[in-house]
Amino acid sequence: MQINNIPVVKDLVLIGGGHAHVSVLKRFGMKPVPGLRITLVTRDIHTPYSGMLPGFVAGHYDYDGCHIDLGPLARFAGARLYHAEVDGIDPENKRVYAPGRPPVAYDILSINTGSRPNSINISGVDEFALAAKPIDIFLRKWQQLIERVCDSEGPFRIVVVGGGAGGVELALSTQLHLQNTLRDVGKDPERLHYALITSSDSIMHMHNRGVRKRFERILAERNIGIKTGTRVNEVTANSVRTADGALIDSEAVIWVTTASSPGWPSQSGLAVDTEGFIQVDEHLQSLSHKNVFAVGDAAELRDPRPKSGVFAVRQGPVLAHNLRAAATGKTLRPYRAQKKFLGLISTGNQYAVASRGNWSYESAWLWTMKDWIDRKFMRNFNELPDMEQDDNPALAAGIADAEAIRELSTLAMRCGGCGAKVGATVLSRVMQRLPDTQRDDVLIGRDAPDDCAMLSVPHGKVMVQSVDYFRAFLEDAYTFGAIAANHALGDIFAMGAEPQSALAIATVPYGRERVVEETLYELLAGALHILAPTGSVLAGGHSSEGAELAFGLAVNGLIDPNKVWRKQGLQPGDAIVLTKPVGTGTLFAAEMRSKAKGRWIDAAIQSMLVSSQQAAACLRRYGATACTDLTGFGIVGHLIEMTRASAVDAILTMDAIPLLDGALETVEAGILSSLQAQNLRLRRAIQDIEQTSKHPVFPLIFDPQTAGGLLAGVPNEQVGACIDELHVMGYSDAVIIGQVDPLSDQQAPIRIQ
Ligand SMILES: Cc1cc2nc3c(=O)[nH]c(=O)nc-3n(C[C@H](O)[C@H](O)[C@H](O)COP(=O)(O)OP(=O)(O)OC[C@H]3O[C@@H](n4cnc5c(N)ncnc54)[C@H](O)[C@@H]3O)c2cc1C
């Protein structure tokens, strides 16, 4: 993100929202480095705090209580948040790769991606076991396991593979939760049988003898059998096979073996140890690439430490200092890993065992202390302070090298003049990088650039045109470009037309040439990602540099003039269908104030990326009488347009309106889009406004949408099959939200029920 129009001089990319990176984000938010742009690429938007995971499984914490929400944290840090799983880097060209988006350029890279339980070469683990990580998959399978246990009759055997602290904690906490659940549903908890298998000679082999003895006793008291010195080498649907060939019956397997590293760091050419962990020095810098840092489980120090969240947490402040120093040419600080650390290992039932060096202890009070420490840690990241903006920030000292200073001085002259076009070389490089798309009826397009694009309209067709343009509400230019394209195409689909071509108009913030190039490329690549599958081509466009990122497209579509859908055409008796949920206006207003949960915004983005092309085809098959796409005027504004044009009234069923997750919470918190007040003026089009305005969903029928769904009238006898088909096509929220009524003598055309 550009801090108050300070140009981006360097890019810091953080991969993974692990325990150290959350601290880095917080610290950069408290003290930004003007000129340094931060990008967080993360697989999970809500990152689990490992210390509280067993407590979550046992039922002591809810999801938000033990996950750090990277959405607001990234915004606090002024960082771009890319929801993607990295599968490689190119350290020579300084690029990060993640499927589904363009490579992310960096000057400085930091990796905090954790580890996964080792299951390499063990057949059946992915298919049948619940691996402790990745956590979202574990949690999904955990819910399924709870259901299976509840539905089952007779003995249910669970094998936990892995005898470290994680395995022992998960055995104890899952057992407690499942026993309680069985009791709650009136079933016998004694049907559950647990066994813990480890290849080590003892459980908790990284801890002292006292800790091991305590846990042997606790596991025995809880009827959890222990099998040490036993390696599992196959998991099936109903058993595990050990290395000596024995089969152990199991209805479920929980996999918590030693940490392993994914292959991509070594395949990318980073120096790694024999296990594939990234080798770092005392400054947490890669041994092979000085501009790459790695921490937590993903890294291996010269003087190795156990793979434990404690170390990742402690590395956070040192890493933050060193990333800042690396960006500004200052001295790095060494990280000195503690030899002994206090481990508080829970037993599931609000009781814990302490372990430090050769010392151990156990009590309920220790769990209370652990709970207090963990909650305090979480507050640090989930309750963020309001920061004052520096109105006159200057570039951070030391961030710009000689080349950057030279480029920035020419930039100052450029900014002093009029809004300039993006340089021809930048533009032509961007065009070369974009995939080529062509159509026979686009006679002159990007492949043969000229003053204009030249299009032909096939015989029997007419051309429909629309244009949309807006300021970026996302820092992720690729996703923003894709949403803008989808938003623009909505008009074409709403007319029932087939998209043919688009012209893009982009305003990219002033900046260094490579930054401008990257941003422009990302915008256009995002737009193409949406345009190409619809069969339309990007035929040309215009780009300029300006104060802030903005993007839009003029889109063309082709249609038989006799088949054009208009807003007019609704017939009394038609059902009113909406194909996507609403709430983008309030959610993004909340996001700007750091009041939206990351998962709400993520889901809203996914919804905005859903094309309406297939929905339009489906509505056509079921005889839709009129159609529009839901955008800035909200449901009421668009429905008024349709009812007026069709000379009908409409009944809106408030409870049927599909909502994006979190939208109700944000409107209830009083957070509304800046367009809401304008849209609300239309409330006089609603009958009995006093009564209906009390409904909690009421504000959302005025909520402006970006890339919203299609709003259409469908004959009543066809609508059931139409909705079923929309669901099959993936429009899972498509629903009837009302009915068309004959025109009445009421002044207000919309009645709410
Ligand atoms: C059941 C259990 C209990 C545990 N209890 C404790 C405990 O009480 N105390 C303790 O100190 N340790 C505990 N551990 C160990 C602890 O989980 C790890 O050591 C710790 O999570 C490592 O932290 P990290 O910051 O390196 O990575 P993580 O916390 O694993 O974070 C990694 C982050 O990177 C993201 N990510 C991963 N891969 C990619 C990718 N390719 N691209 C983009 N993003 C990616 C993930 O989404 C995640 O946000 C426990 C482990 C288990 C399994």
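Other residues lying with their Cβ under 10 Å from the Cβ of ALA326 contribute a combined charge of +3, Lys and Arg counting +1, Asp and Glu -1.
Rounded to the nearest whole Hz, the Karplus-based 3J(HN,Hα) values (6.51 cos²θ - 1.76 cosθ + 1.60, θ = phi - 60°) of region 702-707 follow the sequence 10, 5, x, 10, 10, 6, with x at glycine and proline. Annotation: peptides 387-399, 625-637, 115-127, ranked by per-residue average of other Cβ atoms within 10 Å with the highest first, follow the order 625-637, 115-127, 387-399.
Rounded to the nearest 20 debye, the dipole magnitude of region 690-753 is 180 debye, with +1 charges on Lys and Arg beta carbons, -1 on Asp and Glu beta carbons, and the Cα centre as origin.
Shown in residue order for region 97-113 are the 3J(HN,Hα) couplings computed by the Karplus curve 6.51 cos²θ - 1.76 cosθ + 1.60 at θ = phi - 60°: 10, 9, x, x, 8, x, x, 9, 7, 9, 9, 10, 10, 9, 10, 9, 9 Hz (x for Gly and Pro). What the phi angles of region 603-619 give under the Karplus curve with 6.51, -1.76 and 1.60, with θ = phi - 60°, is a coupling list of 5, 5, 5, 4, 5, 5, 8, 6, 6, 8, 4, 5, 4, 4, 4, 5, 4 Hz, glycine and proline written as x. The Rg/Rh ratio for region 538-619, using Cα coordinates for both the radius of gyration and the Kirkwood hydrodynamic radius, is 1.06. Average accessible surface for region 450-518: 40 Å² per residue, computed with a 1.4 Å probe over protein heavy atoms with every protein chain in place. Provide the percentage of antiparallel DSSP beta bridges, counting only those with both residues in the chain; round to the nearest 5. Antiparallel bridges: around 55 percent, rounded to the nearest 5. Amide H contacts of ASP741 (H built 1.01 Å from N, in plane; Pro and chain starts excluded): GLY573, ASP649, ALA650, ILE651 sit under 5 Å, all sequence-distant by 5 or more or on other chains. Under 5 Å between amide hydrogens, built in the peptide plane, is the criterion, and for SER123 it picks out VAL235 among residues at least 5 positions away or on other chains. Selection among TYR478, ILE723, MET30 by position relative to the dipole of the chain gives MET30 as farthest towards the positive end (Cβ unit charges, Cα centre). Placing unit charges on the Cβ atoms only, positive for Lys and Arg and negative for Asp and Glu, gives the chain a dipole magnitude near 2320 debye about its Cα centre. In region 568-683, Cα pairs under 8 Å separated by at least six residues give a relative contact order of 50 percent.
Could you grab the relative contact order for region 453-550? Cα pairs under 8 Å, six or more apart, rounded to a whole percent. RCO, region 453-550: 38 percent. Only helical runs count toward this figure. For the chain, summing -39,500 (n - 2.57) over DSSP H runs of n ≥ 4 and dividing by all residues gives -10500 deg cm²/dmol at 222 nm. Once backbone amide H atoms are built at 1.01 Å from N, ILE254 has LEU130, VAL159, VAL160, VAL161 as its partners under 5 Å, excluding neighbours fewer than 5 places away on the same chain. Mind checking which of VAL648, GLY670, GLN614 is farthest towards the positive end of region 592-707's charge dipole, using Cβ charges of +1 (Lys, Arg) and -1 (Asp, Glu) about the Cα centre? The residue sitting most towards the positive pole is GLN614. Ranking LEU301, GLY623, ASN208 by Cα position along the charge dipole of the chain, where only Lys, Arg, Asp and Glu carry charges on their C-beta atoms, puts ASN208 farthest toward the positive end.
Taking Cα atoms only, the orientation of helix 634-646 departs from the longest principal axis of the chain by about 30 degrees.
Averaging the sequence gap over all C-alpha pairs within less than 8 Å and six or more residues apart, then dividing by the number of residues, gives region 91-169 a relative contact order of 13 percent.
In this structure, ASP440 and ALA656 have a Cβ-Cβ separation that, at R0 = 30 Å, corresponds to a calculated FRET efficiency of about 0.10. Listed peptides 575-588, 346-359 appear in the order 575-588, 346-359 once ranked by packing, highest mean of other Cβ atoms within 10 Å at the front.
The values are calculated or read from the model by the stated rules, or taken from the named source; none is laboratory data. From a predicted model like this one, the values you see are computed outputs, not experimental measurements. Don't worry about glycine lacking a Cβ; one is built from the backbone with ideal geometry, like all the others, and counts go over all protein chains shown. For accessibility, only protein heavy atoms count, side chains too; no ligands or nucleic acids. Shrake-Rupley method; radii C 1.70, N 1.55, O 1.52, S 1.80 Å.
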